[in-house]
Amino acid sequence: MPSSTSSSTDDPVERARRVLEAGGVIGLPTETVYGLAADATSSSAVRKIFSIKGRPADHPLILHVADLAAAQTLSSRWTDTARALAEAFWPGPLTLVVVRSAEVLDEVTGGRTTVAIRIPRHALALRVLQEFGRPVAAPSANRFGRVSPTTADHVRADLGADVDFVLDGGPCEVGLESTIVDCSVDPPQILRPGSISAEQISEVVGGVASASGPSRAPGMLESHYAPDCLVVPVDVGDASPNDVDRVLDGRSEPARFAHDLYALLRECDRLRLRRVAVLLPADSGIGRAVRDRVFKAAARRSH
Ligand code: AMP
Ligand code: MG
């Protein structure tokens, strides 16, 4: 057996860092879903994210950083609300939208005056961010509009050779995308529900507006996270639907269901199921985020 001359190249975190340094893209494990990550300070690296995903250029990206100091350099107006939420929930599955600073590339924000920022709490993601030392743009590592990946295998299955390296951090702990709170408006507004609930956010900042009606958030489409099978949401009190190939129960353990949801939808597609019923959890806590994703998975794409 040849003796290893450089142990550092065997370290997956070091390999991820080098790919980012070289302007490449990696599959990055986080506690929410796997991200398609690139150097957010490089226009050409950021453009690769859009082209690999097939994502419209006006759908802004979330920037991931290792610590609060790095987050603050990305914003020219760090409000009391942003400060309080960051202190309460970072590192964690919460994204804050704040007024951007001159440091932030237009490609990242789609030319907006605001930027979305998060410090993830996955140990490997944090190590990559610490060692890379620059912000990393990372939307979910799937093609635009499709189901987000929650394992390294999902990323490889979706993006294959289009990613330079996939850092395997195991299955994602939460399984749904981060909660997004817009702190550039008063009162702050939840743009996307996630595992950090509206109730938890209200406890920290008092009044918070929940997204209702047409969302102010760019890229919040009615159809998103869509599998090939037809998803039929079933609320408490709804009649059981006929003619479904499988029933997924999101009612009894919503957090566990959130963790499993995307893998279950992928499994349904692998089995080529046509109609899948989802028993919806109650509209509170993480149940609200589960319902949001199930309704988006159920909205038919135009075809
Ligand atoms: P993701 O699809 O998980 O990458 O999340 C990106 C979402 O974050 C976008 O679709 C927006 O809803 C939100 N977002 C990102 N940047 C901004 C921004 N500058 N202003 C408002 N919302 C943003
Ligand atoms: Mg996504």
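Throughout, read-outs are computed from the coordinates displayed, never taken from laboratory work. Everything numeric here is computed off the predicted structure, so don't read it as measured data. Neighbour counts run over all protein chains shown; Cβ positions are idealised from the backbone, glycine included.
Note that the chain shows a convex hull volume over its alpha carbon atoms of 143 Å³ per residue. Only helices enter the 222 nm calculation for the chain: every DSSP H run of n ≥ 4 contributes -39,500 (n - 2.57), and dividing by all residues gives -9500 deg cm²/dmol, rounded to 500.
Under a Gaussian network description of the chain, with springs only between Cα atoms under 10 Å, the residue in Ile119, Ile196, Ile26 that fluctuates furthest is Ile196. Charged side chains reduced to their Cβ positions (Lys and Arg at +1, Asp and Glu at -1) give the chain a dipole of some 680 debye around its Cα centre. Database remark: amide H of Leu191 closer than 5 angstrom to the amide H of Ile180, Val181, Asp182 (H placed geometrically; neighbours at sequence offset of 5 or more, or on other chains; Pro and chain starts carry no H). 3J(HN,Hα) along the stretch 197-209, derived from phi through the Karplus expression 6.51 cos²θ - 1.76 cosθ + 1.60 where θ = phi - 60°, amounts to 7, 4, 4, 5, 5, 4, 4, 8, 10, x, x, 9, 8 Hz, with x in place of Gly and Pro. Place a point 7 Å from Cα of Leu271 in the direction of its Cβ. Which residues in the stretch 244-261 have their backbone N less than 19 Å from it? So the set is 244-253, 257-261.
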